[in-house]
1. Once fully extended, how much extra length lies between Ser397 and Asn816, figured as 0.36 nm per residue of separation less the alpha-carbon to alpha-carbon distance?
2. Computed FRET efficiency, Cβ-Cβ of Gln856 and His894, R0 22 Å: what is it to the nearest 0.05?
3. Test of understanding: what is the full-extension gain from Lys254 to Lys869, defined as 0.36 nm times their sequence separation minus their Cα-Cα distance?
4. How many lysine pairs in region 422-547, separated by 8 or more positions in sequence or lying on different chains, have Cα atoms less than 23 Å apart?
5. Among Gln215, Val238, Val202, pick out the residue whose Cα is farthest towards the positive end of the charge dipole of region 178-334, where Lys and Arg carry +1 and Asp and Glu carry -1 on C-beta, about the Cα centre.
6. Size of the dipole of region 178-334 about the Cα centre, Lys and Arg at +1 and Asp and Glu at -1 on the beta carbon, nothing else charged, in debye to 20?
7. Which length gain, in nm to one decimal place, applies between Lys515 and Ser268 when the Cα-Cα distance is subtracted from 0.36 nm times their residue separation?
8. Which of the peptides 71-81, 855-865 is most tightly packed, and how do the rest follow, going by the mean number of other Cβ atoms within 10 Å of each residue?
Amino acid sequence: MAETAVSFASQHVLPKLLETVKMLRDLPKEVEEVTDELKSFEVYINIDANRVAEAEKDRDTSERIRKRLMRLREAAFRMENVIDDYVMICDANQPEEGPRCAALLCEAVEFIKTQIHRLQIAYQIQDVKSLVRVERDGFKKDFPTEPISNGSSGNENFTWHKLRMDPLFFKQDEVVGFEGPIQTLKKWLTEGRKERTVISIVGMAGLGKTTLGKQVFDTVDKHFECHAVVTVSRPYDVLRFLRELTKKLYRESKEEPPRDVATMDRMSLIEEIRNRLCNKRYVVFFDDVWEEKFWDDIESALIDNKNGSRILITTRVEKVVDFCKKCLFFEVHKIKPLSKEKSLELLWRKAFGYDFDERCTKDYKEVGLDIVRKCECLPLAIVAIGSLLSTKPKSPSEWGRFSKNLESNPELDSVKKILSLSYDDLPQNLRSCLLYFGMYPEDCTVKSGRLIQQWIAEGFIRYENGKTLKEVAEKYLMELINRSLVQVSSFSTGDRAKECRVHDSIHEMIREKMKNTGFCEHSDDEHNQSESSGIIRRLTIAKSSYDLSGPSEGSQYVRSILILTKEVLSEQFSRALLAKYTRLKVLDFGYARLTEIPENLGSLIHLKYLSFQSTSISSLPKSIGNLQNLETLDIRTGMRIELPKEITKLRKLRCLLGKPLSSISVKDSLGSITSLEKMHVLLIDPDGVVVRELAKLTKLSDLRVSDVKGDHANTLCASINEMPLLERLHISLNYGAREIDLHISSSLSELKKLHLCANLKEFPNWILSLENLLKLSLVDSRLTNIPLISLGNMPNLLILSFGPRSFEGETLHFQNGGFRKLKELKLKRLYQLSSIFIDSGALQSLEKLEIFSIPQLKTVPSGIQHLEKLQVLDILRMPTEFQQSIDPNGGEDHWMIKHVPHLHFVTKNRGLLKIQELANILASQRCAFYLY
C-alpha cells in the first residue's frame with residue numbers, strides 16, 4: 001500500500017509540484033516578458049492594426065475589423081490587469097512591525113497566501129499570452145498589415161527635437177494676415193455710435209476666429225471700464241453660462257462673486273449682471289457660440305447704457321449671426337482663408353521658427369505653395385503642418401515626399417486630414433496624452449498640474465535618465481504645445497504653461513479617434529454613451545443619472561473615471577460607483593456636489609490619483625489607509641479637513657493638497673510619508689509637534705504651512721534646512737502671532753517661489769542669496785526697511801509683491817540698474833507709503849504694475865514714464881487725488897502713463913464714497929479712521 005502511494009506521488013504529485021515550483025520561480029521573468037510584450041502589442045494595435053481599420057472603406061469589412069480590434073484591445077487590457085496584480089502582491093508582501101512571535105506567525109500566513117496569489121497570476125499569464133497570440137495571429141491572417149516605416153511613430157526610434165522654450169513661442173503668433181481685420185474690428189469696438197453694438201466674427205473651423213477676436217479684445221480693453229471673456233461652446237447651458245459671466249465680471253474688478261451665485265436662478269443672475277454693468281462702458285467677448293437662441297438668453301442681461309458698450313461674438317453658425325441682428329445695432333465680419341502669400345509666411349514661421357529667413361525659403365517655395373494649397377489656406381491646418389515640419393529634416397525633397405502624403409484620405413476635409421496626420425506622427429505615449437483631453441468637455445481649460453498627475457497615474461509617463469516623472473510629463477506637454485496640438489491658456493511664473501486646452505477642431509478629431517477604440521466613453525446628454533462600444537478604458541460621467549445597474553463584465557477594465565456633473569451625488573450612487581469599478585487608477589470627482597465619501601473607498605487598492613477638489617466633503621474615511629498605491633490626493637474643498645491617522649500608511653503618496661489640512665491627528669507621524677513631494681496647506685498644530693516631523697520629508701519640493709507661531713521658528717527653520725529640493729515655500733503665521741525671526745542656513749538652491757505672511761523681526765538676508773528665485777511675496781511683514789538695492793540685484797527675480805502691511809515706510813525708491821528682469825510689481829494696501837520713485841534705468845523689463853489701495857499715495861509714481869515695456873497698469877481703489885491726477889481729461893500726470901496699452905481702473909463704489917465723506921469729517925476732528 002505504501003509502495004503504491006509512493007509510486008502515485010512520484011508519477012503524479014511530484015511532477016505537478018515541481019511544475020508549480022518552477023512557475024513560481026520563473027514568475028518575475030514571465031512578468032517582465034509580458035510587460036515587454038504589452039509595449040510592442042500596444043504599438044501594433046494603435047498603429048498597424050488601427051491603420052488597416054481606418055483605411056477600410058467597405059462597411060461590412062470595417063465592422064469586422066472593428067470587432068477584432070476590440071478583442072485585441074481587451075487582450076491588452078487583460079495583460080495590464082495581470083501586471084497590476086503582480087505589482088500589488090510584491091508591494092503588499094512587506095513584514096509588519098510588532099512582537100516577534102506574532103510577526104513570524106503573520107509572516108508565515110502571509111507567505112502562504114502570497115504564494116497562492118502568485119500561482120494564480122502565473123496561470124493567468126499563461127492564459128493571457130495564449131489569448132494574445134491567437135488574437136494577433138488571427139487578425140494578421142484576416143487583415144494583413146505591413147510594418148510601419150516612419151520612425152517617429154515608434155517609441156524606440158523617436159528623438160525629441162529641440163524644444164523652443166521662449167515664452168513668445170507660446171503666445172498667439174498665428175496672426176499673419178489679420179492686420180486689416182484687426183484695424184476694422186478695433187474701429188468698430190472703440191469708435192462710432194453710443195448705443196450698445198453687437199460685433200460678430202463668423203467663419204468655418206480653422207480660420208482663426210478666436211485668435212483674431214482675442215487679439216483685438218486685448219488691444220481695446222483700456223477703452224472700457226468693465227470687460228470679460230467667456231467661452232460659450234457646447235453643450236450650452238444658459239444657467240452655467242450666466243454664472244460664469246457673473247464670476248468673470250466680479251473677478252475682473254478683483255472681487256469675490258456672491259457666495260450664492262451657484263444657486264441663483266436665471267432672473268437673479270440677469271439682475272446681478274445688470275447691476276455690475278449699470279452706468280459702465282463695457283466690452284464682453286463671447287467665444288465659440290453655437291446656439292441660435294443665445295442672443296435671446298443674454299440680451300436682457302447686457303444693459304444698454306448708451307455710452308459705447310460693445311459685445312464681441314465668434315461663431316461658425318450663420319444663424320447665430322442672424323439672431324444677433326435682432327439687436328438694432330450690429331456689425332458682421334466674415335473671416336476668410338489667408339492669401340497664398342500670407343499662408344506661406346505663416347508656414348515658414350511655424351516650420352523654421354527662429355531660424356526663419358526669407359532668403360532660406362526660396363528653395364521651398366514651390367513645395368510650400370503645394371502644401372498650403374492642400375491646407376486650403378486655413379490657418380489652423382497650416383499651423384499644425386508647420387509645427388509638424390519643424391520636427392522633420394529640412395530639405396525640399398523631404399518636404400516634397402511629405403506633401404504627397406497629404407493627398408491621402410480624399411473624403412476628409414482639409415482640417416480633419418491635417419490634424420489626423422499630425423496625430424499619426426506622434427509616438428504612442430504622446431498620442432495617449434493628447435487623447436486624454438477628450439475626457440474633458442470641448443473648450444474646457446485644464447490645469448497643467450492636474451493633467452500631468454493624471455498622465456503619471458495612467459502610466460503614460462516613463463522614467464528617463466536623470467529626470468523625474470513630472471519633468472518627463474512636462475516635456476511631453478511642451479512637445480504637444482510645440483506641435484500646435486495644445487494651446488496655452490495662461491502662464492505661471494517663468495512663462496510655464498499653467499493652464500491649457502485644445503482647439504475645438506482638435507477636440508472633434510480626438511473624439512473621432514476615441515470612437516470604437518475603448519479609450520474613453522462619455523455619458524453626457526449629447527453623446528449619450530454612444531461614442532464607444534464594447535470594452536472601455538475610461539469613463540467621463542456628466543450626469544448623476546448615469547446607469548450603474550448595467551452589466552459589469554467590462555467594469556474590470558475601466559481604469560479612470562472623471563465626474564463632471566454639477567448635480568448632487570448621493571452616497572448610494574457613490575457607493576455603487578466604487579463597488580462596480582474596483583480597478584480604478586484615476587478617480588476625479590471634479591466639481592461634483594459630493595458631501596460624503598463612502599467607506600468602501602478603501603477597496604480601490606489600485607488607485608493612484610484621487611481628487612475631491614471643490615466638492616463639499618468635510619472628512620476622509622479611515623479606509624483611506626488601504627490605498628497603498630495612492631500618489632496624489634487632492635482635497636482642496638475650501639473647508640478645513642482633519643487628516644486621519646490612517647493617511648500616514650500611504651508610503652507612495654507624493655502630492656497631498658488641501659485648503660487647509662489639519663495636522664492634529666498626524667502631528668507625531670506625518671514624517672512617515674517620506675515620498676511626499678508636494679504638500680499644502682498644512683495647519684501647524686498648537687504645540688508645533690508636526691514641525692519636527694517635517695524634517696523627515698526630505699523630498700519636498702513644494703511646502704505651504706499656516707498657523708505658525710513665533711516660538712516654532714527655530715524648529716521650522718531647522719526642518720526646512722533638511723529640504724534641498726524645495727522649489728516653493730509658503731509660510732503664514734498664526735493671526736496675532738508675535739514677530740518671528742526666520743534664519744534658514746540651507747542654500748535652498750532650487751527655490752523659485754517664496755511667500756512669507758509673517759510679522760518679520762527684520763528682512764531675512766538669506767533671501768538675497770536665492771539665485772534661482774523667480775517670485776517673492778511679502779504680507780504682514782511690517783518692515784520699515786527693505787533692501788531694495790540688494791533685491792534689485794537678484795539675477796532671476798520676475799515677480800515682486802509687497803502685500804498688505806508688508807512695508808511701513810513712506811518711500812520706495814527703485815534705483816538705476818535695479819530689477820533688470822522683473823516683469824510684475826504688485827503694491828497692495830501699504831498704508832504709510834506716500835511716494836514712489838523710479839529712476840530712468842530701473843525696472844526696464846517691467847510689463848505689469850498693480851497699485852492697490854494705498855491711501856497716502858496721491859500721485860502716480862515718479863518716473864513711470866520711463867517704463868517703456870509696461871503693458872498693463874492696474875489702479876484699484878486709490879484716493880480721489882490720485883485718480884484725478886491721471887484723468888485723461890485734464891489730469892496733470894496723465895502724460896506719464898498714456899504710453900501704457902492696458903489701463904485698468906477700479907474705483908470705490910457709492911457706499912465707500914459715502915463712508916469716505918464721513919471719514920473726512922472724522923479726520924477733521926482729529927479722529928483716526930481707515931477705510932482700507
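1. Stretched out fully, the Ser397 to Asn816 stretch lengthens by 145.4 nm.
2. Approximately 0.55, to the nearest 0.05.
3. Between Lys254 and Lys869, full extension yields an extra 219.0 nm.
4. Here the count comes out as 10.
5. It is Gln215.
6. It comes to approximately 320 debye.
7. On the way: separation 247, 0.36 × 247 = 88.92 nm, distance 4.07 nm.
Here the segment from Lys515 to Ser268 would lengthen by 84.9 nm.
8. The peptides rank, most packed first, as 71-81, 855-865.
No value in this document is a laboratory result; all are computed from the given coordinates. Quantities reported herein were computed from a predicted structural model and do not represent experimental measurements. Glycine also receives a Cβ, built like all others from the backbone with ideal geometry; neighbour counts cover every protein chain displayed.
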